[in-house]
Amino acid sequence: MLTILRDITMAVAAADDFATALSLLVSQTKKAMQTQCCSLYLLEEQQLVLSATDGLAPQAVGKVKMPLTQGLVGLVAQREEPINLADAHQHPRFKIFEEASEESYCSFLAVPIIHQKQILGVLVVQQIQQRQFSESEEAFLMTLAAQLAMAVRAQRKKKVVSQTQAQMLYHGTKAASGVVIGHALVLGGEIDIVQPSKRSEDTDGELALLAKALKSCKETISSISQRFDREQEVEIQSIFSALLLLLEDSSLGGEYRQEVLQGWTAVSAVSQVSLKYINQFMQMDDAYLKERASDIRELGQRVLRELIEPQRINLQLDVPVVLVTKEATATMLAEFPRHKLVGIVTETGGVNSHAAILARAMGVPAVIGVEGVLNAGLDGKQVIVNADRGQLLVSPTETMVGEYRSLISAQRALADEFAKELPLPAQTCDGKRIHLYLNAGLLSSLSSEIAEGADGIGLYRTEIPFMLQSRFPSEAEQVDVYRQVLQAAESRPVVMRTLDVGGDKPLPYFPISEENPFLGWRGIRLSLDHPELFLVQLRAMLQASQSSDQLHILLPMVSSLDEIDQALAYLEQAYQELRLDLGLDIQRPKVGIMLEVPALLYQLAQVAAKVDYVSVGSNDLTQYLLAVDRNNPRVSTLYDCYHPGILRALQRARQDCHTYDLPISVCGELAGEPIGVILLVAMGYDQLSMNQGSLAKINYLLRRVSTTDLTELLSIALSLSNGGQVKQLVTQYFADKGLDSFLVS
Ligand code: PEP
Ligand code: MG
C-alpha cells in the first residue's frame, strides 16, 4: 500500500506538465483501487472544475463546473470531509451533469484535497454496482489525497503564462524585497550521470580537482554516517561505510584516477567509469547486485556535483546570477561571490531563517518556498525575481523585461529619495531622537556600510567569519577581523556578539546533528561547553579593542542567570590573562545579553544587576514565544512578530528595563520593518539595529511621524486579536499620513 501511494505521488510530482500529472493521478488511482472511474475536480475561482477523469466522458473535462453549494462534490469541499455512498442517486445533493455521462455509476466515494487549510479540490472514485466503499478503501483515498495536496499545489504553482514562449510564473514568499533581472544558476538539482566526454591537456590540474572532490565527498558521507552511530542503526551505517570504501583508491576512486591519467577531464572520467559499472550491474540477474547500480550512480553524482558546482559558482559570468536552490544555507550565501549574485530563489526555508536574513543584509532580493523549481530545467534561463510579490518569472518577453526595467528604476529613484535624508538625524516630528544601528557580519562591505549614517554597529554576527573558514579561526585571525570591524565603525560603538552557531547555522567543520536544533546546542550553550573556543574569541575581541571604549560584548541565547555568571567569569579570565600575561592596557567592555529566551523576560531585575544592557533578538523571541520554528515553511504563516501577545511581551520588556535602569535595544528583523519600527518606537524603544537596506527608509519614516500618534496607535494595536489586524491598522495609518511608499514594505 505504501509503495502504491508513493508511486502515485511521485509520478504526479515528476510529471512534465500539469495536465499529464492529473491524468496520471486519475488513471493510477483508478487502477490501484480497482474501480471503474476516478475523477479529479479542482477549485478555480470558487468553482469545482472537472480537471481529469478516467471513466467519465473525456470531453467533459474543463466543462463540468459547479459552485461549492452544488452537487455531492461541492458538498465534500464545503464540509471538508469525505462522503461515501452506496447509491449516490438517492442523495438530495446528487446532481447529474449530462455531458459527463455519469448516470451508470451508483457507488460514490469522494475526499477533499486540502493543503494548509486551503481546499484545492476533490478526488472521486465511482463504481457501477451499488456498494459502500470499504473503510480501508476510504482510508487509502484520504491518505492519497493528503499526500497529493503538496504535489498538486506545486504543479499548479507553475502556471504557463504563454505556451509558445514557455514563460512560466512561479509563486513563493518574499524573504528579501526588491526586483531583479538575471540568469538562473541552479545548484543542488539533479546531476546527470551522463556528461560529455572531454579530454584535457592539464592532467595534473584535473587530478587535483578529482582529489579535492573525492575528499569533500568522503567528508560529507562520514558526517552523514555519524548521525547513525547508535547501535540499532548499525545496518544503515554499514551502507555509508560501503560507499566510503568505494571512493578509495583501490576501488572506484582509483578507476576515476586511471581515466584522468588517460587524458580525460575529471568530470568525463567519473561519468565514464560510473556508466561502465552501472551497465554491468544492470545486466546481472541477481536482484541484489542489480541494486548496486544505484549505489554507483549515487556516488558518481555526488562526485560530479563536487566537481561541477563549485566551478560554476566561480565562473566569471558576464551576466547577473539568480541562485536557484533547494534551501540556501547561510554558509552557501556567505561563500557566493557577492558581486555576481543578484537574486535568490529557494524551494524551502523560512522568512527569518539565517539565509533569508543574510540575503536581506546583502540587499539581494529573495523568494522562498517556490516549489518545484529545482528540477524544472531553469538553469541558464533569463528570469525576473519580483520578491515584493513573491514571484519568479521565467523566460520573460522583451516587453516584460522592459516593464520590469522601468519598475526597477522607479524603485531606485525612491531609494535615492530616502538616501538623501540619511545624513539627517532620525528624529520624529515632535523631537524624539531614535538611534539607528547597523546589523553586520559581512566584512567585505563593512567600510562602505558604516560610512552611510548609522550610529554604530548594533549587532556584529561573528559566526559569519567562522563560516567562511574550513576550521576555527585562530586568535590572531580573529583579532584581525574584529580590528577591521572596529576601525570601520570609526569611533562609534560596536556590539560584537559571541559565536552563535547551532540552530540553522552549522559550521561546516563542526557538524552538530540534533533532532531539535533550535532547542538544542546553540549560542552561549556551546561556548560555555567549549571554554577553549570561547576564551580565544573573548581574548581576540579584547585585543582588537584594547583601550578604546567602542567594544560591547553581546551573549546570544542566554536562558539562565548562571550562564551570565559563567560567561562573565570567562571574560574576566580573558581580561586578566591579557593584562597580566601580555601586559596589555585593556578597557573592560560593556557586556549585554540577547533577550531571546522568554523566561528571561521575567528575570530582568536580576539581569540588570549583572549586565550593562540587553538587546532583543525578536527573531528568536518570536519563535520561542509562539513555539513556531522560524525555518519551517509549513508553519510560516504562524510565525508572526505582530501577534499582539508578542507585542505585549516587547512592551513589558521595555517597561521593566526602564524600571531597572537597564538600556534596551532591538536587533531582530522587526527593528528594520516600517510597521515594527512604528510599534517599537511607540513602546519607547529608542535604539534599533537593522540591515543596511532598511536604514535610509526607516530614517525617512521616523522623520515623518509623531510619538503622540504612535502612542494612540499602539494602544489600539494591543487590543486587537491578531497580527493581521495589527498590520492593517498601521498600514491604514501610513495611508492616512500620505506615506504611500510604506504601504508595501
Ligand atoms: C534574533 O534572534 O533576533 C537575532 C538577532 O539573532 P539571529 O537572527 O542571528 O538568531
Ligand atoms: Mg537569535
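The values are calculated or read from the model by the stated rules, or taken from the named source; none is laboratory data. Small disclaimer: the values here were computed from a predicted structure and weren't measured. Cβ sites come from the backbone with ideal geometry, for glycine too, and all protein chains shown count toward neighbours. Heavy atoms of the whole protein, side chains included, go into the accessibility calculation; ligands, DNA and RNA do not. Shrake-Rupley method; radii C 1.70, N 1.55, O 1.52, S 1.80 Å.
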Ranked by how many other beta carbons lie within 10 Å on average, peptides 700-708, 565-573, 416-424 from highest: 700-708, 565-573, 416-424
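In percent, how large is the relative contact order of the chain, given Cα pairs closer than 8 Å and 6 or more residues apart?
Rounded, it is 10 percent for the chain.
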Which listed pairs, of Lys31/Lys63; Lys198/Lys218; Lys218/Lys340; Lys31/Lys290; Lys117/Lys326; Lys340/Lys737, have C-alpha distances above 32 Å, in listed order: Lys340/Lys737
Amide H to amide H under 5 Å from Cys37: which residues, 5+ apart in sequence or cross-chain, H placed 1.01 Å off N in plane? Gln126
1.4 Å probe accessible area per residue over region 68-117, in Å²: 47 Å²
Suppose the chain between Gln258 and Leu275 were pulled fully straight at 0.36 nm per residue; how much longer would it get relative to their current alpha carbon spacing? 4.6 nm
Approximate spin-label separation Lys215-Val635, in nm, with each point projected 7 Å along Cα-to-Cβ: 4.1 nm
The helix 287-314 Cα axis meets the longest alpha-carbon principal axis of the chain at an angle in degrees, between 0 and 90 and rounded to 10, of 40 degrees
Hypothetical label at Asp565: residues of region 598-613 whose amide nitrogen lies under 15 Å (7 Å Cα-Cβ projection): 606-611
Over all directions, the average projected area of the alpha-carbon convex hull for region 2-164 comes to how many nm²? 9.1 nm²
222 nm mean residue ellipticity, helices alone, for the chain (DSSP H n ≥ 4; -39,500 (n - 2.57); rounded to 500): -14500 deg cm²/dmol
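Can you give the extra length, in nm with one decimal, that the chain gains between His658 and Thr711 once fully stretched, where that is 0.36 nm per residue apart less the Cα-Cα distance?
17.4 nm
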Output the peptides 466-475, 181-190 sorted from most to least packed, where packing is the average of other Cβ atoms within 10 Å over each peptide's residues. 181-190, 466-475
Return one number: the angle in degrees, 0 to 90 and rounded to the nearest 10, between the long axis of the Cα atoms of helix 266-282 and the longest principal axis of the Cα atoms of the chain. 40 degrees
Top positive-direction residue, dipole computed over the chain with Cβ charges, set Val351, Gly503, Gly62: Gly62
Dipole magnitude of the chain about its Cα centre (Cβ charges: Lys, Arg +1; Asp, Glu -1), debye to nearest 20: 1380 debye
Any idea what the dipole of region 81-222 comes to, in debye rounded to 20, about its Cα centre with Lys/Arg Cβ at +1 and Asp/Glu Cβ at -1? 640 debye
So for region 349-491, using the alpha carbon gyration tensor with a ≥ b ≥ c as root eigenvalues (a/c under 1.5 gives rounded; past that, a/b versus b/c decides prolate or oblate), I'd call it oblate
Suppose R0 equals 25 Å; then what is the FRET efficiency for Thr69 and Glu103 from their Cβ-Cβ distance, rounded to the nearest 0.05? 0.65
Using the crude model of +1 on Lys and Arg Cβ and -1 on Asp and Glu Cβ, and no other charge, please compute the dipole size for region 29-91 relative to its Cα centre, in debye to 20. 180 debye
Longest principal axis of the chain (C-alpha) makes with the long axis of helix 707-719 (C-alpha) an angle, in degrees to the nearest 10, of 40 degrees
Whole-Hz Karplus couplings 3J(HN,Hα) for region 626-638, θ = phi - 60° and coefficients 6.51, -1.76, 1.60, Gly and Pro as x, run 8, 6, 10, 4, 5, 9, 9, x, 5, 10, 5, 6, 8
For region 421-742: relative contact order, % (alpha-carbon pairs under 8 angstrom, 6 or more apart): 19 percent
1/(1 + (r/R0)^6) with r = Cβ-Cβ of Leu207 and Glu490, R0 = 41 Å, i.e. FRET efficiency to nearest 0.05, evaluates to 0.25
What would the Debye formula give as log10 I(q)/I(0) at q = 0.05 Å⁻¹ for the alpha-carbon point model of the chain, no solvent? -0.32
Accessible solvent surface per residue of region 433-589, calculated while the other protein chains remain in place, 1.4 angstrom probe, Å²: 39 Å²
Summarise the accessible area of the chain (1.4 Å probe, protein heavy atoms) by the percent that is carbon and sulfur. 51 percent
Once you put a point 7 Å from the Cα of Phe510 and another 7 Å from the Cα of Glu398, both along the Cβ direction, what distance in nm separates them? 5.5 nm
With labels modelled as points extended 7 Å from the Cα through the Cβ direction, what inter-label distance (nm, one decimal) is found for Gln59 paired with Ser250? 7.1 nm
Could you report region 384-424's accessible area per residue, 1.4 Å probe, as an integer in Å²? 57 Å²
What's the extension gain from Asn722 to Thr3 if we count 0.36 nm per residue and subtract their Cα-Cα distance? 254.6 nm
Karplus (6.51, -1.76, 1.60) ³J(HN,Hα), θ = phi - 60°, over region 426-437, in Hz, Gly and Pro reported as x: 7, 9, 5, 4, 9, x, 8, 8, 10, 8, 10, 10
Any idea which of Gln732, Ser491, His643 is furthest toward the positive side of the dipole for region 421-742, if Lys and Arg beta-carbons carry +1 and Asp and Glu beta-carbons -1? Gln732
Which residues in region 673-716 have a backbone N closer than 13 Å to a point placed 7 Å from the Cα of Gln587 along the Cα-to-Cβ line? none
